[in-house]
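Shown next, in structure tokens, is the structure this report addresses.
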Amino acid sequence: MIATGLQALLVRLYYMYAEPQAAFPAVWSIADITDLGADVGILLGAWIGVLIIRRGHFNRGIQLFLCIYLVTLAANYATSGYRHAPPDPSPALLLAVGGVVLGRRTLWTVYVAVIGCFSLGQLADAWWLPGAKLDFGWSFHALPMLAVAYLMVAFAIDCTTRALRQMLSDALQRGEALARSNQLLMKEMEERERTQHQLIHSQKLDAIGRAASGVAHDFDNVLNVVLGYASQREQLADLGTPALLNAMQGIELAALRALTISRKLLNFSRQEVGVSQVFDASAAVTELEPMLRQLLGNYIQLQIQLPAHGAQLQLDRGQFELMILNIAANARDAMPEGGRFVVGLELAGSPAMLQLTLSDTGEGMSDQVRAKVFEPFYTTKPFGRGTGLGLSVVASMVEAAHGSIDVSTEQQQGTSFTIRLPLHVAACAATEAMDV
């Protein structure tokens, strides 16, 4: 369209330079006025169409251009006739533009309009234009040939663009289907993430509920210590200030122990899932020790083995603690008569990774149970005692942290879970430097 508008302008300027008398005749005939109006119309139609397309109305801009071009073509033939018109390839151009850009209906509409323009020019030659008049039928002798020739052109354009239109239609349908699939996938991913967050939070609350009885027992011990010192206040007063200070120190230590457990429970119960942070795994296990002791009870011995130097991890600390608590709760259920639960941390592998080992001396598992231990909702516990989600949540969190988890077990020989987690980048570099 831009080229067509420029062509009309440049041709008019050329005639103004080469043949000024033809461009600006002394007496303007209707044909001269129509020719000038046609050039101006094509120029304005092309550029206005481009502006409409630039504003986002593609089909409307093309339709405006085609309509103006066809009107100017009809006006030229009506005023100058077909017999004296120079060879003009523009009808074929209009067919190509209409068929390729706007489709079959526009193609055949343009074809009918072009044949109408030819008929109008030949009718002008026969009736109202000056000059030698030909027989009325002979004036239209070229029309059948033009109709057949342009019919072949229109048919060729229609056949060649049909496959293209079908491909474009299929591509649009596939694109729309893909967009719908992407939207559904995004919704499913958001729903899965939201469900996983809720599941992890419920597992935290479940771990806290299991530890609630032990926490209550520990607070009962704290209150008994405080009440014991309070009941001895008269004897302590008689013993003097040192005895009172020792008693106050004992009360403070008991209260600090209770405060540590309560703060740990409060922080652990917060619904802040997926917040990545850098922390020391050894310090996290040390701070988790009071909760582990309350969760395991008095009949299970807790052993914690930590590396000589710290191990920095970058993940959600609450999820790291939930891994340990979930496996510890299963270990407690596997040792109803008591036993030993070991939490071991060490650096292993190349590149170095944190290896967290959680082992118990319980009943162990069979090969069938071991194969399904990480499946959601699979549990061997009685109804109401377990959901079968604890270990599946642990496996999901380990996978999200780009780690791995393995289990080794034998019946009546205990179970050992080995979790490997990537170290924080800075900590990994420091570990490699120490090894060198």
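No value in this document is a laboratory result; all are computed from the given coordinates. Keep in mind that this is a model prediction, so the values were computed, not measured. Virtual Cβ from ideal backbone geometry, glycine too; neighbours counted across all protein chains shown.
Amide H contacts of Ile300 (H built 1.01 Å from N, in plane; Pro and chain starts excluded): Gly339 sit under 5 Å, all sequence-distant by 5 or more or on other chains. Its Cα gyration tensor gives region 2-141 an equivalent ellipsoid; the semi-axes, largest first and in whole Å, are 27, 22, 10.
Averaged over residues, the count of other Cβ atoms within 10 Å places the peptides 340-348, 87-95 in the sequence 340-348, 87-95, highest first.
Counted by neighbouring Cβ atoms within 10 Å, the residues Cys117, Cys159, Cys67 run from fewest to most as Cys159, Cys67, Cys117.
Shown in residue order for region 112-122 are the 3J(HN,Hα) couplings computed by the Karplus curve 6.51 cos²θ - 1.76 cosθ + 1.60 at θ = phi - 60°: 4, 5, 5, 4, x, 5, 4, 4, 5, x, 6 Hz (x for Gly and Pro). Each part gets one Cα centre, and for region 317-377 versus region 96-163 those centres are 86 Å apart. Using the Karplus relation 6.51 cos²θ - 1.76 cosθ + 1.60 with θ = phi - 60°, the per-residue 3J(HN,Hα) values for region 167-176 come to 4, 5, 4, 5, 5, 5, 5, 5, x, 5 Hz, with x marking Gly and Pro. By other beta-carbon atoms within 10 Å, ranking Lys372, Lys187 with the fewest at the front produces Lys187, Lys372.
Please express the shape of region 163-204 as an equivalent ellipsoid: the semi-axes are the square roots of 5 times the eigenvalues of the C-alpha gyration tensor, given largest first in whole angstrom. Don't jump to the answer; show the numbers that get you there.
On the way: eigenvalues 316, 4, 3 Å².
Ellipsoid semi-axes (Å, largest first): 40, 4, 4.
Contact order for region 84-172, expressed relative to its length and based on alpha carbon pairs under 8 Å spaced 6+ residues apart, stands at 33 percent. Once the mean of 1/r is taken over each pair of separate Cα atoms and inverted, region 99-182 shows a Kirkwood hydrodynamic radius of 15.7 Å.
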